[in-house]
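A quick write-up on the structure given underneath.
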Amino acid sequence: MSKIELPKDTRDALAVALSRYLKDEHDVEVTGFDAHFLLDFIIETIGPHVYNQGLADTHALLSKKLDELSESIWHLEKRAKLRR
């Protein structure tokens, strides 16, 4: 799997949110480069699991929808009579 890349503004916003969470919930100061390095660690270790779950959820949804579509198509089938 290729590396998970996020736009710079998204990475910056996530680093700020992570810093705020750690300060508010755990009274731990993690800012600047440290927050970005922690975010990188989280993305590299947790990101692939979340990404894979998203793919699995998408596959299940698409499979269900494809089954529904296939059933709808079968309902359109006309009876064919052979003349003798």
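Read-outs throughout are calculated quantities, based only on the coordinates presented, and are distinct from any laboratory measurement. Just so it is clear, the model here is predicted, and its values are computed rather than measured. Cβ sites come from the backbone with ideal geometry, for glycine too, and all protein chains shown count toward neighbours.
For this structure, a couple of remarks:
- Other residues whose C-beta falls under 14 angstrom from the C-beta of Ala60 contribute a net charge of -1, scoring Lys and Arg +1 and Asp and Glu -1.
- Answer label, with Kirkwood radius over Cα pairs in Å calculated from the coordinates and candidates (1) 17.4; (2) 19.6; (3) 16.9: (3)
- Each peptide in 72-84, 33-45 was scored by the mean count of other Cβ atoms within 10 Å over its residues; highest first, the order is 33-45, 72-84.
- Computed from backbone phi with θ = phi - 60° and the Karplus coefficients 6.51, -1.76 and 1.60, the 3J(HN,Hα) list for segment 67-84 is 4, 5, 5, 4, 5, 4, 5, 4, 5, 7, 4, 9, 5, 10, 10, 9, 8, 10 Hz; x is used for glycine and proline.
- Evaluating 6.51 cos²θ - 1.76 cosθ + 1.60 at θ = phi - 60° for every residue in segment 2-15, the Karplus couplings come out as 6, 5, 6, 10, 10, x, 4, 5, 5, 4, 4, 5, 5, 5 Hz, glycine and proline recorded as x.
- For segment 18-25, the Karplus equation 6.51 cos²θ - 1.76 cosθ + 1.60, evaluated at θ = phi - 60°, returns couplings of 5, 4, 5, 4, 4, 5, 5, 8 Hz by residue, with Gly and Pro reported as x.
- Contact order for the chain, expressed relative to its length and based on alpha carbon pairs under 8 Å spaced 6+ residues apart, stands at 25 percent.
- Calculated FRET efficiency, Ala60 to Arg83, Cβ-Cβ distance, R0 = 41 Å: about 0.35 to the nearest 0.05.
- Computed from label points 7 Å out along Cα-Cβ, the spacing between Asp12 and Thr31 is 1.6 nm.
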